[in-house]
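Okay, so here's the structure we're looking at.
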Amino acid sequence: MPERLKVYLIGVGGQGSLTAARLLGEAALRSGVEALVSEVHGMAQRGGIVETAVLLGGYRSPILGRGAADLLLAFEPLEALRALGPLKKVSPKGWVITNTHPIRPITVSLRLGRYPDLERAFAEVKGHVKQFLKLDATALAQEAGSPLALNMVMLGALSATELLPFPVAALEERIEAFAPRFAEVNLRAWRIGREAIARALAAPAAS
Amino acid sequence: MPRALKEKKGERLLLLGNEAIARGALEAGLGFATTYPGTPASEIGDTLARSARETGIYFEYSVNEKVALELATAAALCGVRALVAMKHVGLNVAADAFMSTLYTGTRAGLVVVTADDPSMHSSQNEQDNRYYALLAGAPLLEPADPQEAYAMAKAAFPLSEELELPVLLRTTTRVSHSRAGVEVGPLPAPEDRKVKGRFHKDPFRFVIVPSVARPLHKLLLERLERAEARAEESPFNFVLGEGEELGIVTSGVSYSYVRDALEDLGVEGRVSVLKLGMSHPLPRKLVARFLGSVERALVVEELEPVLERSLRALAQELELKVKIYGKGTGGLSRLYEYDPDRVRSAIAEVLGLRDSEPEPVWTSPDRLPDRPPVLCPGCPHRASYYALKLALGAEFEKTIFATDIGCYTLGLLPPLAMADHLLCMGSSVGTAGGFSRASDQRVIAFIGDSTLFHAGIPAIVNAVHNRHKFLVVVLDNRTTAMTGLQPHPGLEFCATGPAPAVPIETLLQGCGVRHVHIVDPVDLQKATAVFEEALKESEEEVTAVISRHPCVLLSSGG
Ligand SMILES: Cc1ncc(C[n+]2csc(CCOP(=O)(O)OP(=O)(O)O)c2C)c(N)n1
Ligand code: SF4
């Protein structure tokens, strides 16, 4: 098991990435691994970018430097590209897991900008990071029983990488305890996400 | 029960910096807490609000920061430990009262928390409130992380009592909004918590007319001398490492970046660090000793060169030869929050090391589209703007829209584009008067319900009395939405239970506004008709439309 991990989560307001980050932090701390989770919250409205850093294994800086993330967990594909490109968050030795389901920002509907060609961009990114993994987490959440379980799909996906510096069971336990009323759906979503990435990693094309 | 309260002594829990402050204060025997919400301070008040019943403390969301501070001051004079929390610009609102509290001093511990917002993640400026400590003469504590935020909140009360001065606890977004493992201590039993005291009269100390104020200023300076002595031995001020090549003086979250940078660069052995947690009054002896022990010094502090200037002055006074680096070194500037790269580049520069900037792993051929936050689907503010836009028709272009702070400020963005000017909370109504007097354009002021109570009322009175002519639209969504759905005086409940409402319509009428309309913006046709009528009336005198419909997050449970 690695000793440390720097995760950068990016998504759109309302997708539950803050909760995902908190559960990661709690699972680590309960396993005796130092955790630091930094969030920027402010606006109650929906639709803005939400960035969170989760630093596991004894870091002090609450934010990530450029090229510092060992793992990018992107809840929305345009935001994955933002993290990889202009925000320069991801290490060339880093892993990327991204949801492929786009959420078009208002600037695109107002024709103030164009949504990027994802196929092309992803093909370009692929060779420049250690692992590039994608899944339609939005559809998988739906399949698990609720679009709100998107964050659990993403955590499941992350858990399949074997990059976590604490036992995966600790995270599963947090997910189960998090919202007892939705535990069944959440655990199903977690398992579906986990299996999707495990399969991708087992396929010979992934390397 | 909030998480910050659940756990028992000795346990480590993942706490937000703001929750850690609430926990520290509660452990210290806090009896009285007030706030006006504002990012990044809001969770301090919200956590205390949810703890009020179990702990027995008095808690309120006050109408604004000035009133909140005045309440807390009075409580502390009754012998009850008190805390007031606000965002950095909130201290501007409370500044008049704050300045005087340093003269009158306190009896029980009084802690004023200011949460600053370097980089302006959710604020109109990035003012450095450490200047308030210098301006007012307040002892200042600056935590670097949630664990220290907890410890400082707890230690601030006895410190305040010992010095008989309010203590300013200053956090920043990255401290307030980071979660980290915090080891908590025991909470006092409810019966041991002092929530009521007694006010012992002493008018020649507490009524600061000029003849009283003069000796009080002298007393303040004496108290600050004692405070400096406390800073010299404070456990929050310490030296780390023994390297002599470079001495880094740092405070707040910058300390965390320094620690990681030293590890990254592998130079821990060459450097020593003076971490100042109680940074005002400056522990001059400690700083002088430190400066005397190193070849070069680098000051790493976000925003203003507050420590840097003090260090330069001290070095000049003591004729120290040490070369002092600060703003302008590497990535260090007065702008925006620091990060690991900015701090590492400065340390590398002073040590003559190469620090390479990593290339992005991917470069976009085109600029990626921005993603600004937008009003929620079904937001009543959008409906209000839309109805008003219809009522204005062709006049839209010529109208000046003086807006204010809240979710509704997003009316700035196209396609609504209904915001032309904003300064601070409450500025819409005041500036509308100015715009209407100094131009012949039509003027409309937008103000939220919470913002109206906070800072709009004097400006309304002013507009009526001075016969300004404009339309005020009160965007009444029955909550303080932007900062997390806190209640306000217009509602039938407060943080801790039912409360008498102060209805906005009678308030406006009481201020002398003769035309006060109430509409539900979701009823578009009716709302447009009312706006049309009100626009006509506002050509003759200040006129108000209360556009009332609850925020959609209220029904969805946030
Ligand atoms: C002096 C000051 N205090 C606090 C804040 C933080 N703040 C921004 S808007 C706002 C209130 C918003 O409430 P309301 O006017 O009801 O508008 P809504 O967000 O509900 O639309 C607050 C507290 C601030 N910007 N300035
Ligand atoms: S939180 Fe409420 S007031 Fe704010 S944008 Fe959403 S619906 Fe509108």
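The values are calculated or read from the model by the stated rules, or taken from the named source; none is laboratory data. On a predicted model such as this, the values are computed, not experimentally measured, just so you know. No Cβ is skipped: glycine too gets one built from the backbone with ideal geometry, and neighbour counts run over all protein chains shown. Please note that ligands, DNA and RNA were not included when accessible areas were found on the heavy atoms of the full protein model with its side chains. Shrake-Rupley method; radii C 1.70, N 1.55, O 1.52, S 1.80 Å.
A few comments on the model shown:
- Positions within the range B:226-255 being within 14 Å of chain A (Cβ to nearest Cβ) and either assigned to a loop (DSSP other than H, G, I, E, B) or modelled with pLDDT under 95 (or both), in sequence order: B:252, B:253
- Checking each residue in the range A:22-41 for being more than 7 Å from chain B (Cβ to nearest Cβ) and either closer than 12 Å to residue A:171 by Cβ or among the basic types (Lys, Arg) (or both) picks out A:23, A:24, A:27, A:28, A:30, A:31, A:33.
- Scanning the range B:521-558 for residues that are within 16 Å of ligand 1 (Cβ to nearest atom) and outside any helix (DSSP H, G or I) yields B:521, B:522, B:544, B:545, B:546, B:547, B:548, B:549, B:550, B:551, B:556, B:558.
- Scanning the range A:20-55 for residues that are among the aliphatic types (A, V, I, L, M), open to solvent by less than 10 Å² (accessible area, probe 1.4 Å) and under 17 Å from residue B:183 (Cα atoms), we see that the one that is nearest to ligand 2 (Cβ to nearest atom) is A:37.
- Residues of the range B:469-512 satisfying the condition of being away from every other protein chain (no Cβ under 14 Å) and among the β-branched types (Val, Ile, Thr): B:472, B:473, B:474, B:496, B:502, B:504, B:506
- Condition check for residue B:102: within 14 Å of residue B:164 (Cα to Cα), among the aliphatic types (A, V, I, L, M), at pLDDT 95 or above and open to solvent by less than 10 Å² (accessible area, probe 1.4 Å): yes
- Some residue of the range B:167-179 being of a type in the set (A, V, I, L, M), in contact with an Asp or Glu (Cβ under 7 Å, 6 or more places away or on another chain) and open to solvent by less than 30 Å² (accessible area, probe 1.4 Å): yes
- Residue check for residue B:179: more than 14 Å from chain A (Cβ to nearest Cβ) and touching a helix residue (DSSP H, G or I) at 6+ places or on another chain (Cβ under 7 Å): no
- Selection status of residue A:90, without any contact (Cβ under 8 Å) to a residue 60 or more places away in the chain and at negative phi: no
- Some residue of the range B:272-288 being open to solvent by less than 10 Å² (accessible area, probe 1.4 Å), away from chain A (no Cβ under 14 Å) and part of a helix (DSSP H, G or I): yes
- Count of the range B:118-136 residues which are out of contact with any strand residue (DSSP E or B) (no Cβ under 8 Å at 6 or more places or on another chain), more than 14 Å from ligand 1 (Cβ to nearest atom) and either farther than 13 Å from residue B:92 by Cα or within 14 Å of chain A (Cβ to nearest Cβ) (or both): 1
- A count restricted to the range B:382-422 and to residues that are free of Cβ contacts under 8 Å to residues at least 12 places away in the same chain and either within 14 Å of chain A (Cβ to nearest Cβ) or not in a helix (DSSP H, G or I) (or both) stands at 4.
- Residues of the range A:80-123 that are more than 19 Å from residue A:70 (Cα to Cα), open to solvent by 40 Å² or more (accessible area, probe 1.4 Å), within 7 Å of chain B (Cβ to nearest Cβ) and not in a loop (DSSP other than H, G, I, E, B): A:106 alone.
- Test: residue in the range B:472-488 that is assigned to a loop (DSSP other than H, G, I, E, B), among the basic types (Lys, Arg), within 13 Å of ligand 1 (Cβ to nearest atom) and open to solvent by 50 Å² or more (accessible area, probe 1.4 Å): yes
- Residues located in the range B:518-530, provided they are more than 16 Å from ligand 2 (Cβ to nearest atom) and open to solvent by 70 Å² or more (accessible area, probe 1.4 Å): B:518, B:525, B:526
- When the residues of the range B:435-471 are filtered to those that are open to solvent by 50 Å² or more (accessible area, probe 1.4 Å) and charged (D, E, K, R), the one that is nearest to residue B:385 (Cα to Cα) is B:469.
- Here the helices (runs of 4 or more DSSP H) wholly within the range B:1-93 that include at least 3 residues being at pLDDT below 95 and more than 14 Å from the chain's Cα centre (by Cα) are B:3-6.
- Every test in (1) closer than 18 Å to residue B:488 by Cα; (2) open to solvent by 20 Å² or more (accessible area, probe 1.4 Å) is passed by residue B:426 save one, and that test is (2).
- Selection from the range B:325-365 of residues that are open to solvent by less than 40 Å² (accessible area, probe 1.4 Å), more than 33 Å from the chain's Cα centre (by Cα) and more than 9 Å from every other protein chain (Cβ to nearest Cβ): B:348, B:350, B:351
- When the range B:531-558 is filtered for residues that are open to solvent by less than 30 Å² (accessible area, probe 1.4 Å) and among the β-branched types (Val, Ile, Thr), the ones remaining, listed by number, are B:542, B:543, B:545, B:546.
Here is a yes/no grid of residues against (1) open to solvent by 20 Å² or more (accessible area, probe 1.4 Å); (2) in contact (Cβ under 8 Å) with a residue 12 or more places away in the chain:
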residue	(1), (2)
A:138	yes, yes
A:142	yes, no
A:148	yes, yes
A:153	no, yes
A:164	no, yes
A:175	no, yes
A:192	yes, yes
A:199	yes, no
A:203	yes, no
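- Residues satisfying the stated conditions in the range B:493-517, i.e. open to solvent by 50 Å² or more (accessible area, probe 1.4 Å) and within 16 Å of ligand 1 (Cβ to nearest atom): B:493, B:494, B:502, B:503
- Residue that is farthest from ligand 2 (Cβ to nearest atom) [pool: residues in the range B:368-386 that are closer than 15 Å to residue A:50 by Cα and not basic (Lys, Arg)]: B:370
- In the condition set (1) touching a Phe, Trp or Tyr at 6+ places or on another chain (Cβ under 9 Å); (2) surrounded by fewer than 23 Cβ atoms within 10 Å (Cβ to Cβ); (3) not basic (Lys, Arg), residue B:48 is compliant with all but (2).
- Leading residue by the ranking (farthest from the chain's Cα centre (by Cα)) among those in the range B:311-324 that are open to solvent by 60 Å² or more (accessible area, probe 1.4 Å) and closer than 26 Å to residue B:348 by Cβ: B:321
- Of all residues making up the range B:180-211, the number that are hydroxyl-bearing (Ser, Thr, Tyr) and surrounded by 14 or more Cβ atoms within 10 Å (Cβ to Cβ): 0
- If you check A:14, A:58 for being out of contact with any helix residue (DSSP H, G or I) (no Cβ under 8 Å at 6 or more places or on another chain), within 16 Å of ligand 2 (Cβ to nearest atom), open to solvent by 10 Å² or more (accessible area, probe 1.4 Å) and more than 8 Å from chain B (Cβ to nearest Cβ), only one passes: A:14.
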